[in-house]
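J.: I'd like to ask you about the structure that follows.
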Amino acid sequence: MSSSLVLHHPYPKRPCLGTLAPYSSSWPKDPKDKLPSLIQDMSVSTSSSSVAKQAIMPEDGVEQIELLSAVEDLHGGVVVDLKEVMDSEVFSSLLRASMSQWKQKGKKGVWIKLPIKLSNLVDAAVQEGFRYHHAEPDYLMLVRWIPETFDTLPANASHRVGIGAFVMNSERKILVVQEINGRFKDTGLWKMPTGVVNEGEDICAAAVREVKEETGIETEFVEILAFRQSHKSFFQKSDLFFVCMLKPHSSDIETQNLEIAAAQWMPVEEYAAQPFIRKNKMFDYVAEICLAKSDKDYAGFSPMRTTTSSGKRSYLYHNSRDMANIQATGDHQ
């Protein structure tokens, strides 16, 4: 009868960027410690060593075998977080012995996190049936599903998140840029400042940052006006793009010359009348929404700071105007 491993080194509770399959709900925030949330809230943890000894009880007495140190996750699997330099043949032997034990114990998914200094172990893991899951600048994550059942391990993050910033001043002029590179290079198109939301960054913060980086304009986030989803975009990932309204708190433009060729304040009607905007249905509709916000009674989604059930800070984006009216009248039906 085998005993439990004595494990130390608990993993922190941290969130992720990206959409995951049902097997795991989120990923840790720290890019240097992106093990899935399936290892959070555990009563066991790993030792600092990559190798653990386990006692088994054969008929003729106690025998000590060496296994890879692993953390049991919340879904019946294990996570191996290798730290120490190891010979590939030694690793292969330990992995085979560990896989045998995990199979006997009915474990499901096995995650192996290899730091870049242990890239020599990739082939040995692949030979044991592991596949790539995702890679970051400092590590590679490999996975294997053990049972002869449907593989429910979560896929890698499936979406990239971007923002477009609608910034209009008191003269009904909006902040627009022309880019040095990309699809619209040398087309003459004036477009909203756009950018990608960083890992662990809120949408509202990303919009303010991108405007500041590209134009030097200080802004305040107001609301999300609209968003669109597209597929097979960046390296075949899906893409979420949020059109955000921001209020300017400065007016003097300081163009960032690494990505931006030019920037200016343009009358909103002139922006919407550009030939490309008029011919492209998606751009044209976004322009109509922006005009509706400036001219008519259009309400977007404002951020409300809140916390998740686990206590993490988050934002809930909602129609605050209509919600305030509902709460004021007491009409919750």
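J.: Okay, which of the stretch 187-225 sit inside 15 Å, backbone N to the point 7 Å along the Cα-Cβ direction of Met323?
T.: Backbone N within reach: 204, 222-225.
J.: Sorted by accessible area (1.4 Å probe), largest first, how do Asp295, Asp202 line up?
T.: Ranking Asp295, Asp202 by accessible area, largest first, yields Asp295, Asp202.
J.: Once you compute Rg and the Kirkwood Rh from C-alpha atoms, what is the Rg to Rh ratio for the stretch 178-223?
T.: Here Rg/Rh amounts to 1.01.
J.: So which aspartates and glutamates can Lys296 reach, going by Cα to Cα under 20 Å and dropping same-chain residues fewer than 8 places off?
T.: By straight Cα distance, Lys296 reaches Glu171, Glu223, Glu269, Glu270, Asp284, Glu288, Asp322.
J.: Taking square-rooted eigenvalues a ≥ b ≥ c of the alpha carbon gyration tensor, is the stretch 253-318 rounded, prolate or oblate, where a/c under 1.5 means rounded and, failing that, a/b exceeding b/c means prolate?
T.: Since a/c reaches 1.5 but b/c is at least a/b, the shape of the stretch 253-318 is classed as oblate.
J.: Could you give me the percent of Cα pairs per 10 Å distance bin for the stretch 122-199, shortest bin first, beginning at zero and ending with the bin that holds the maximum distance?
T.: Spelled out per bin, shortest first, that is 13, 26, 20, 17, 16, 7, 1.
J.: Counting only heavy atoms of protein chains, what accessible area per residue, in Å², does the stretch 123-269 have with a probe of 1.4 Å?
T.: With the other protein chains kept in place, the stretch 123-269 gives 50 Å² per residue.
J.: Leaving ligands, DNA and RNA out of it, rank Lys117, Lys83, Lys279, Lys312 by accessible area with a 1.4 Å probe, largest first.
T.: Lys279, Lys117, Lys83, Lys312
J.: Over 32 Å between C-alpha atoms is what I'm after, so list which of Lys103/Lys232; Lys247/Lys281; Lys191/Lys232; Lys212/Lys237 land there.
T.: Check vs 32 Å cut-off fails for Lys103/Lys232.
J.: Still on this structure: From largest accessible area down, sort His249, His133; use a 1.4 Å probe on the protein chains.
T.: Descending accessible area places them as His249, His133.
J.: Now a separate question. So what's the net charge close to Trp145: Lys and Arg +1, Asp and Glu -1, counting the other residues with Cβ under 14 Å from its Cβ?
T.: +1
J.: For Leu258, what charge total do you get from the other residues with a beta carbon under 11 Å from its beta carbon, if Lys and Arg give +1 and Asp and Glu give -1?
T.: After counting each charged neighbour, the total is -4.
J.: Could you give the size of the charge dipole of the stretch 239-333 about its Cα centre, using +1 on the Cβ of each K and R and -1 on the Cβ of each D and E, expressed in debye and rounded to the nearest 20?
T.: 380
J.: Then there's this: Which percent of the accessible area of the stretch 234-333 is formed by carbon and sulfur heavy atoms (probe 1.4 angstrom)?
T.: 54
J.: Quick check: from the Cα gyration tensor, does the stretch 71-124 come out rounded (a/c under 1.5), prolate or oblate?
T.: Oblate is the answer for the stretch 71-124, as a/c is 1.5 or above yet b/c matches or exceeds a/b.
J.: Which GluC sites (Glu not before Pro) does the stretch 70-113 hold that lie in a coil by DSSP with at most 15 other beta carbons within 10 Å?
T.: Those that pass, being in a loop and sparsely packed, are Glu84.
J.: Which residue, chosen from Met323, Phe235, Ala272, occupies the Cα position most advanced towards the positive end of the dipole of the stretch 206-333, where the dipole is computed from +1 (Lys, Arg) and -1 (Asp, Glu) charges on Cβ about the Cα centre?
T.: Phe235
J.: Say the dipole of the stretch 125-229 comes from +1 at the beta carbon of Lys and Arg and -1 at that of Asp and Glu; which of Pro193, Gln178, Ser158 then lies farthest toward its positive end?
T.: Among Pro193, Gln178, Ser158, the one farthest towards the positive end of the dipole of the stretch 125-229 is Gln178.
J.: Excluding ligands and nucleic acids, what accessible area in Å² is computed for Val208 using a 1.4 Å probe, to the nearest 10?
T.: 40
J.: Shifting gears a bit: Putting +1 on Lys and Arg Cβ atoms and -1 on Asp and Glu Cβ atoms, find which of Phe283, Ile203, Thr215 reaches farthest to the positive end of the dipole of the stretch 198-311.
T.: So the residue furthest toward the plus end is Phe283.
The values are calculated or read from the model by the stated rules, or taken from the named source; none is laboratory data. The structure displayed is predicted, hence computed values, not measured ones. Positions of Cβ are backbone-derived with ideal geometry, glycine not excepted, and every protein chain shown enters the neighbour counts. The protein model used for the area step is the full one, side chains on, heavy atoms only, and it has no ligands, DNA or RNA in it. Shrake-Rupley method; radii C 1.70, N 1.55, O 1.52, S 1.80 Å.
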